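Notes follow once the structure below has been shown.
The values are calculated or read from the model by the stated rules, or taken from the named source; none is laboratory data. Keep in mind that this is a model prediction, so the values were computed, not measured. Here Cβ is always computed from backbone atoms with ideal geometry, including for glycine, and neighbour counts include all displayed protein chains.
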């Protein structure tokens, strides 16, 4: 092997993720720790389409090269309990209203009115405080068996790549454009209730309790419906991205100072997007209602993405740049008002801001810059990467990653190869992560990361985000 080939192999001889359009949020495989860094130990350690040409291996293949998942929660403490308490208290108070009958006294009706006013005040205050910071987000990704695959072709004077996989994510969060509950009873003066005051409780057309009050007993009833307002609730949004990618990379220039490698990738996408809304009552479980509506409000469409990259490799450092989604493909969300009588339609009409990304999701054009420094034997590697601009995922969250990481590769095959990393999202929630991983027998990759910021959920203080991934690949 020539010295130049040794340098290339030490950087990223087995790198193939250039064939993938990496999603903005969850990294796959060992990339969870490596970031964009090319590395000898894994076929899925860089997003730069140029890196498959860096080594001289003829074939590289992922057995099941990457499977990962993550969970993220908002900054609001214990909002899961708050949302559940709002729904439970609504159900309790609704039953109390419905149990009023002609035997109930004036004082009992006045007490119920006061209870409704107090409930609305506390719930509306809580919901408005939760609106921006209360959410749960999950994601998962997988590359299919046998992918990614890289084959060096003498006829084409370069490396061709093939990859396929799937990425999914979903986000449920509190959204509000006004009061969650507003019967109008807060403006009703109970001092107007005279000895002849009359009351009755009737159901509304959709089953909510309506309190009818005749303050003076003269037959002039005023109606107050106890129901959740369309102005607040739970917004659910997410998508599934299926991808088939093919790429080509080659060495473009070489001299005593180093080599220049370039590459391009074409990805075909099949994208399913979904969104729904649910009001904060307990007529059904709020989460189940949102989930059912989510399943019913989906739209699938296809598109293509073009990516390009370049990498300069010298004996002790490398520099690279990647431009993803050059053509910025877009995919449409479903319109919940295709079913105009649905609660999701009413919710989004009252909360247009809950339609994160608007009516369509665009895979925004994004430039990533990277650089590595390493020892001559390539055992020690330090890397840094930076996204030059932000991009949104299917849930509407923005990402712009800045990463640093270090790794060590022992010279013995059986010895684990450890790595440590730090990354920060410069956009969106601006969370910071520590990550760690190891490669075993130069084939099996285990990585995990957690956010340094913390929040409280179900009464426990936990990191706001955790991620984990597993990869297995071969090279020969």
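Do we have residue 139 as surrounded by 20 or more Cβ atoms within 10 Å (Cβ to Cβ), modelled with pLDDT of 90 or more and in the same structural domain as residue 64 (by TED's automatic domain parsing) here? Taking the combined requirement at face value, the residue satisfies it.
The number of residues in the range 358-376 that are within 24 Å of residue 420 (Cα to Cα) and in contact (Cβ under 8 Å) with a residue 60 or more places away in the chain comes to 5. Just wondering, is there one or more residues in the range 273-291 that are surrounded by fewer than 20 Cβ atoms within 10 Å (Cβ to Cβ), within 27 Å of residue 166 (Cα to Cα), in contact with a strand residue (DSSP E or B) (Cβ under 6 Å, 6 or more places away or on another chain) and modelled with pLDDT of 95 or more? Checked against the condition, which is being surrounded by fewer than 20 Cβ atoms within 10 Å (Cβ to Cβ), within 27 Å of residue 166 (Cα to Cα), in contact with a strand residue (DSSP E or B) (Cβ under 6 Å, 6 or more places away or on another chain) and modelled with pLDDT of 95 or more, the range 273-291 yields no hits at all. Among the residues of the range 143-163, the ones that are surrounded by fewer than 21 Cβ atoms within 10 Å (Cβ to Cβ) and under 18 Å from residue 471 (Cα atoms) come to 5 in all.
Here's the yes/no breakdown for (1) in contact with a helix residue (DSSP H, G or I) (Cβ under 9 Å, 6 or more places away or on another chain); (2) in contact (Cβ under 8 Å) with a residue 24 or more places away in the chain; (3) over 30 Å from residue 274 (Cβ atoms):
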| position | (1), (2), (3) |
| --- | --- |
| 172 | yes, yes, no |
| 184 | no, yes, yes |
| 219 | no, no, yes |
| 228 | yes, yes, no |
| 235 | yes, yes, no |
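Quick grid of which residues meet (1) farther than 26 Å from residue 449 by Cβ; (2) modelled with pLDDT of 90 or more; (3) surrounded by 14 or more Cβ atoms within 10 Å (Cβ to Cβ):
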{"position": "56", "(1), (2), (3)": "yes, no, yes"}
{"position": "59", "(1), (2), (3)": "yes, no, no"}
{"position": "62", "(1), (2), (3)": "no, no, yes"}
{"position": "68", "(1), (2), (3)": "no, yes, yes"}
{"position": "72", "(1), (2), (3)": "no, yes, yes"}
{"position": "83", "(1), (2), (3)": "yes, no, yes"}
{"position": "90", "(1), (2), (3)": "yes, yes, yes"}
{"position": "95", "(1), (2), (3)": "yes, yes, no"}
{"position": "104", "(1), (2), (3)": "yes, no, yes"}
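Taken over the range 110-133, the residue count meeting the criterion of being out of contact with any strand residue (DSSP E or B) (no Cβ under 8 Å at 6 or more places or on another chain), under 13 Å from residue 180 (Cα atoms) and in contact (Cβ under 8 Å) with a residue 60 or more places away in the chain is 2.
Which residues, counting only those in the range 424-438, are within 15 Å of residue 468 (Cβ to Cβ) and either touching a residue at least 60 places away in the same chain (Cβ under 8 Å) or crowded, with 16+ Cβ neighbours inside 10 Å (or both)? Answer for the range 424-438, where residues must be within 15 Å of residue 468 (Cβ to Cβ) and either touching a residue at least 60 places away in the same chain (Cβ under 8 Å) or crowded, with 16+ Cβ neighbours inside 10 Å (or both): 433, 435, 436, 437, 438.
Among the residues making up the range 294-305, those that are surrounded by fewer than 18 Cβ atoms within 10 Å (Cβ to Cβ) and assigned to a strand (DSSP E or B) are 298, 299, 300, 301, 302, 303, 304. Inclusion of residue 89 among residues that are touching a helix residue (DSSP H, G or I) at 6+ places or on another chain (Cβ under 9 Å) and outside any helix (DSSP H, G or I) is not warranted. Taking the range 306-371 and the strands (runs of 3 or more DSSP E) fully enclosed by it, the elements with 3 or more residues that are in contact with a strand residue (DSSP E or B) (Cβ under 8 Å, 6 or more places away or on another chain) and more than 27 Å from residue 238 (Cα to Cα) are at 317-324.
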